[in-house]
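Engineer: Got a structure for you, questions after.
We did not get these values from a lab; they are worked out from the coordinates using the rules stated. Since this is a predicted model, take the numbers as computed values, not measurements. Every residue, glycine among them, receives a Cβ derived from its backbone with ideal geometry; neighbour counts consider all protein chains shown.
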Amino acid sequence: MFTFLSAEEIVLPTHEIYFTGQKHFEEADLQDALGVTTPSFFQFWKDDTPRIKDKLIPSLEPSLKSFFDSEGFYDANHTIRETNTTIFVSITENEPVRVRDINISSDYNISTLVTFKRDDIFRAKDFVSIKSKIIQQLLKEGYCSYDLDSKAYVDLDLHTVDVHYVLKKGGECTFGELTITGLKTIDEDVVKSRV
């Protein structure tokens with residue numbers, strides 16, 4: 001008696017999903033952020049209808065809010081309409097939060113690492129990335145006892161943000177005296193005979 005196991009793909013229930021109204025984002029950006037599946041370029045024979053798993057539908061509203069907030073569109077609105085088979089998301093981005101002022105107070109030149117420019121749309125991931133790049137550069141240069149304070153002051157009424165970076169690099173870190181123990185000497189003739 002034989003039992004055949006099939007490695008067929010388990011298909012979860014889905015809805016088709018469509019986005020309208022966005023101006024600053026490609027539909028593919030929204031699909032990626034919300035877990036919408038579409039076949040890859042190499043799966044050209046598959047249906048290219050964008051689909052969202054039904055289990056993700058309850059989280060669609062907070063996921064959209066989180067996405068637009070992280071991209072600097074804190075006043076974005078969206079309407080979700082659901083039928084038995086399809087979800088329609090209508091988006092109004094409204095005015096984004098833009099960088100008004102960049103203030104750097106530092107005893108180490110970080111101006112090339114702070115890539116924000118005045119009037120850029122403020123994206124939280126860029127703010128975090130800049131901080132990480134500053135830390136990486138400091139460590140690379142041997143400054144491991146730095147004091148870095150980075151803040152973003154967001155004014156939602158004016159749709160502006162002021163970013164502040166305060167850095168004290170501290171001293172260069174060095175190794176103290178090293179002591180190596182437990183080394184054995186190797187007879188050079190023994191090594192040559194084994195080679």
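Engineer: Report, in debye and to the nearest 20, how large the dipole of region 98-168 comes out about its Cα centre when Lys and Arg carry +1 and Asp and Glu carry -1 on their Cβ.
Structural biologist: Working: 11 positive and 11 negative charges, 55 e Å.
Here the size comes out at about 260 debye.
Engineer: Could I ask something else about it? What does DSSP give for region 12-162 in terms of the percent of beta bridges that are antiparallel, rounded to the nearest 5?
Structural biologist: Values: 14 of 22 bridges.
Around 65 percent antiparallel, to the nearest 5.
Engineer: Further question on the same structure: Exceeding 28 Å between C-alpha atoms, which entries from my cross-link table qualify? They are K23/K65; K53/K117; K23/K140; K23/K53; K55/K133.
Structural biologist: Values: K23/K65 16 Å; K53/K117 39 Å; K23/K140 40 Å; K23/K53 25 Å; K55/K133 37 Å.
Table pairs above 28 Å Cα-Cα are K53/K117; K23/K140; K55/K133.
Engineer: Next up: With 10 Å bins from zero, work out the P(r) of region 14-92 over every alpha carbon pair and list the percent per bin.
Structural biologist: That works out to 17, 54, 25, 4, in percent per bin.
Engineer: Fully extended, how many nm does the chain gain between S63 and S111 (0.36 nm per residue separation, minus their Cα-Cα distance)? Kindly include the intermediate steps, with their values, before the conclusion.
Structural biologist: Working: separation 48, 0.36 × 48 = 17.28 nm, distance 3.38 nm.
Extra length from S63 to S111 when fully extended: 13.9 nm.
Engineer: OK, next. So how far, in whole Å, is the C-alpha centre of region 132-147 from the one of region 57-129?
Structural biologist: Measuring centre to centre over Cα atoms gives 27 Å.
Engineer: Which order, highest average first, do 64-74, 167-177 follow once you tally other Cβ atoms within 10 Å for each residue and take the mean per peptide?
Structural biologist: 64-74, 167-177
Engineer: Efficiency by 1/(1 + (r/R0)^6): what FRET value for T181 and E141, r their Cβ-Cβ distance, R0 = 22 Å, to the nearest 0.05?
Structural biologist: Details: r = 32 Å, r/R0 = 1.44.
The calculated FRET efficiency here is 0.10.
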